[in-house]
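To keep things clear, I will list the structure first and then write my remarks on it.
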Amino acid sequence: MYWKNDTKDDIIKTMKTINYSHFVTNTEFLGPYKRSVLWVQKCCFSCEGCIAPEMQKDGGYFADTKTLASVLLSDTTTEGITISGGEPFLQADALFEMINIMKSKRDTGVIIYSGFTLDELKNKSDSAVEKLLSVTDILIDGRYEKNLDDGIAYRGSSNQRIICLSDRYKKISQTYYGHYARKTELKIDNGHIVLVGVPSENTLKAVRDIIDKAREKQINDSGI
């Protein structure tokens with residue numbers, strides 16, 4: 001799917017860059033079926049209790065949209081991609097381009113987590129935001145509110161909505177998103193621990209304790 005009169009050649013000629021924190025290419029979390037997950041860098045919100053404060057500021061990595069699309073499609077068993085962060089709609093133009101490249105290679109389902117509500121995104125009157133919404137199948141919207149964190153899977157707090165913007169996941173969305181127990185997956189990538197899913201406070205604390213103990217051991221072993 002392309003926006004208006006855009007073509008594949010037009011997209012390749014105007015390659016954009018995405019600022020991202022990390023990604024995984026094969027997980028059964030953060031969306032139905034096997035999928036890749038991309039966490040973008042930078043956020044315009046500072047939600048109390050944010051599970052990824054390190055993604056709010058400058059940092060991370062940079063990759064052009066064609067390269068990142070290729071990496072995220074490298075596992076041929078994945079059905080789609082989930083994009084979180086950080087705030088994806090701050091990079092709407094580049095993410096739209098990346099998704100179009102992915103869709104030109106393979107039918108790809110798209111799920112996006114955003115701190116903006118759907119109404120806020122629509123009221124922006126921003127063509128880049130409109131384009132990204134047009135290729136989004138499910139939007140999980142709204143800021144995380146710590147006092148409304150009820151532990152339900154796949155969203156952080158009860159104010160956040162799981163909205164089907166297309167028919168792709170509509171038949172299975174209620175079953176998939178109806179679970180009340182949060183599940184998370186730990187992956188080790190180049191020596192880094194990657195947490196996939198929306199963790200409970202206890203899970204997040206346990207992972208951070210493990211990381212702190214590993215760092216303390218590393219310092220002690222080095223004799224610093």
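The values are calculated or read from the model by the stated rules, or taken from the named source; none is laboratory data. Source: prediction; values computed, not measured. Cβ: placed from backbone, ideal geometry, glycine included. Neighbour counts: every protein chain shown. These area figures cover heavy atoms from the full protein model, side chains too; ligands, DNA and RNA do not enter into them. Shrake-Rupley method; radii C 1.70, N 1.55, O 1.52, S 1.80 Å.
Name, by its number, the condition in (1) farther than 22 Å from Leu72 by Cβ; (2) polar (S, T, N, Q); (3) in contact with a Phe, Trp or Tyr (Cβ under 8 Å, 6 or more places away or on another chain) that does not hold for Ser114.
The one condition Ser114 does not meet is (1).
Select from the range 29-69 the residues that are out of contact with any Ser or Thr (no Cβ under 8 Å at 6 or more places or on another chain) and of a type in the set (A, V, I, L, M, F, W, C) and write down the one among them that is nearest to Ser104 (Cα to Cα).
Ala69
Show me the strands (runs of 3 or more DSSP E) found entirely inside the range 18-102 where at least 1 residues are within 24 Å of Lys170 (Cα to Cα) and open to solvent by 30 Å² or more (accessible area, probe 1.4 Å).
Per the criteria, no element qualifies.
Given the structure, is Ile112 outside any helix (DSSP H, G or I) and modelled with pLDDT under 95?
no
Can you name every residue in the range 96-144 that is out of contact with any strand residue (DSSP E or B) (no Cβ under 6 Å at 6 or more places or on another chain) and in contact (Cβ under 8 Å) with a residue 60 or more places away in the chain?
Phe96, Glu97, Met98, Asn100, Ile101, Lys103, Ser104, Gly115, Lys131, Ser134, Arg143, Tyr144
Regarding the range 168-190, can at least one residue be identified that is closer than 20 Å to Val37 by Cα, in contact with a helix residue (DSSP H, G or I) (Cβ under 9 Å, 6 or more places away or on another chain), open to solvent by less than 70 Å² (accessible area, probe 1.4 Å) and at pLDDT below 95?
Yes.
Can Asp107 be described as at pLDDT 95 or above and not in a loop (DSSP other than H, G, I, E, B)?
It is false that Asp107 is at pLDDT 95 or above and not in a loop (DSSP other than H, G, I, E, B).
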